[in-house]
1. Out of K4, K79, report the one residue that is surrounded by fewer than 14 Cβ atoms within 10 Å (Cβ to Cβ) and under 15 Å from the mean Cα position of the chain (by Cα).
2. Kindly provide the set of residues from region 106-118 that are out of contact with any helix residue (DSSP H, G or I) (no Cβ under 7 Å at 6 or more places or on another chain), within 24 Å of Q51 (Cβ to Cβ) and surrounded by 11 or more Cβ atoms within 10 Å (Cβ to Cβ), ordered by number.
3. Tell me which residues, restricted to region 47-69, are within 22 Å of A106 (Cβ to Cβ) and either of a type in the set (S, T, Y) or not in a strand (DSSP E or B) (or both).
4. Any idea which of G24, G57 is among the small types (G, A, S) and loosely packed, with under 13 Cβ neighbours inside 10 Å?
5. Is it the case that some residue within region 26-46 is more than 30 Å from H6 (Cα to Cα), assigned to a strand (DSSP E or B) and aromatic (F, W, Y)?
6. Applying the selection to region 3-20, what residues are free of Cβ contacts under 8 Å to residues at least 40 places away in the same chain and out of contact with any helix residue (DSSP H, G or I) (no Cβ under 7 Å at 6 or more places or on another chain)?
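What follows is calculated from the coordinates using simple rules that are stated; it is not laboratory data. What you see is a predicted model, and the numbers here were worked out from it, not measured in a lab. Heads up, the Cβs are rebuilt from the backbone with ideal geometry, glycines too, and the neighbour counts pull from every protein chain shown.
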Amino acid sequence: MNEKSHVSLEQHLCLVCGVAFDTGSLLLDRRLRASLAHRTTTGWGLCAEHQKLSDEGFVALIECDPQRSGSPTGNARLKPEQAYRTGRLAHVKREAFAKVFNVRIAAQQPCVFVEPGVIERLQSVVSMTD
């Protein structure tokens, strides 16, 4: 049964974990036609858990398989919908990220995609210092 309506609850997908979450906004078909599902995903954002970590100064490292990910065109960066996530995540303090990777990222950038092996390598370095 087709349960379309002229209103819908807006959802975003979490950039880090890929889970859909409610944004608290309503979507309305201006023609008042029954064209919308009960929930509609409109973009990317951060779920409450990952937003909290980002606010606390962490950058999420999201491991992606470059062989299965879509390829960016030209000088463009990999888009979230192109990334084939492996399921491995790590959170690193923004200050430590800048030192370890010697790369600058925007102050509000919550995550980066990394190749397989990067998170494992970081874990081995941390375990050697313990």
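1. K79
2. Matches in region 106-118: Q109, C111, V112, F113, V114, V118.
3. C47, A48, E49, H50, Q51, K52, L53, S54, D55, E56, G57, S69
4. The match here is G24.
5. no
6. Residues satisfying the conditions are E3, K4, S5, H6, V7, S8, L9, E10, Q11, H12, V19, A20.
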